[in-house]
1. Which ones in region 13-37 are polar (S, T, N, Q) and exposed (fewer than 15 other Cβ atoms within 10 Å of the Cβ)?
2. How many of the residues making up region 26-46 are among the hydrophobic types (A, V, I, L, M, F, W, C) and over 15 Å from the mean Cα position of the chain (by Cα)?
3. Within region 71-97, track down each residue that is touching a strand residue (DSSP E or B) at 6+ places or on another chain (Cβ under 9 Å) and part of a helix (DSSP H, G or I).
4. Could you check L100 against (1) buried (at least 18 other Cβ atoms within 10 Å of the Cβ); (2) assigned to a loop (DSSP other than H, G, I, E, B); (3) at pLDDT below 95 and say which number it fails?
5. Can you pull out every residue in region 38-60 that is out of contact with any Phe, Trp or Tyr (no Cβ under 6 Å at 6 or more places or on another chain), in contact (Cβ under 8 Å) with a residue 24 or more places away in the chain and assigned to a helix (DSSP H, G or I)?
6. Taking the conditions exactly as written (touching a helix residue (DSSP H, G or I) at 6+ places or on another chain (Cβ under 6 Å), small (G, A, S) and surrounded by 18 or more Cβ atoms within 10 Å (Cβ to Cβ)), does G68 satisfy them or not?
7. From the list P40, P3, P57, which one is out of contact with any His (no Cβ under 6 Å at 6 or more places or on another chain) and closer than 20 Å to H129 by Cα?
Amino acid sequence: MWPRTFADRLESWNALRNQAATADVESALTTINQWWFSTPWIPYHLHWDDRDNWPDPWQLLDDNLFCGLARGLGILYTITIIDREDLQKCWLADHGSDNLVHAPQKKYILNWDKDTIVNITPGPENPRHRVSQQQIQQKIG
């Protein structure tokens, strides 16, 4: 169940990051993906054209509004903050109707399905929009 208050969401997100920091890669990514899929979903909240105004991770949790893009952004924030050597060079990409998080060397795709991190080719190599971990790191500070 999704935490009702901002304080509870922060506590739960901290526990998620601690768990993901020490788990094997596949377990860490599965846990991160499942946690973000438990968010309350709305059809539209964030937009790629407004990327300069996207919330930082704490504001994202405080807003408590999660479209597919916001959920993907949360996944990428989480992966970036745990700062694992084996989870570098990840990115979030707009593949038309899906905002997917690509993990190491395109081995895993997150934000596709709640219970599965998939190993598929999601579409063209040149997505409409893309943001890397290095770019998102600037939002984290």
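The values are calculated or read from the model by the stated rules, or taken from the named source; none is laboratory data. Since this is a predicted model, take the numbers as computed values, not measurements. Neighbour counts run over all protein chains shown; Cβ positions are idealised from the backbone, glycine included.
1. Of everything in region 13-37, those that are polar (S, T, N, Q) and exposed (fewer than 15 other Cβ atoms within 10 Å of the Cβ) turn out to be N14, N18, T22, S27.
2. Taking region 26-46 as the starting set, the residues that turn out to be among the hydrophobic types (A, V, I, L, M, F, W, C) are 28-29, 32, 35-37, 41-42, 46.
Now drop any that are not over 15 Å from the mean Cα position of the chain (by Cα), which leaves 42.
Result for region 26-46: 1.
3. Residues of region 71-97 that are touching a strand residue (DSSP E or B) at 6+ places or on another chain (Cβ under 9 Å), as a first pass: 71-76, 79, 89-94.
Passing the criteria: R71, G72, L73, G74, I75, L76, I79.
4. (2)
5. Answer for region 38-60, where residues must be out of contact with any Phe, Trp or Tyr (no Cβ under 6 Å at 6 or more places or on another chain), in contact (Cβ under 8 Å) with a residue 24 or more places away in the chain and assigned to a helix (DSSP H, G or I): W48, R51, W58.
6. Values: touching a helix residue (DSSP H, G or I) at 6+ places or on another chain (Cβ under 6 Å): no; small (G, A, S): yes; surrounded by 18 or more Cβ atoms within 10 Å (Cβ to Cβ): yes.
When the stated conditions are applied, G68 does not pass them.
7. On the way: P40 fails: closer than 20 Å to H129 by Cα; P3 fails: closer than 20 Å to H129 by Cα.
One residue alone meets the criteria, P57.
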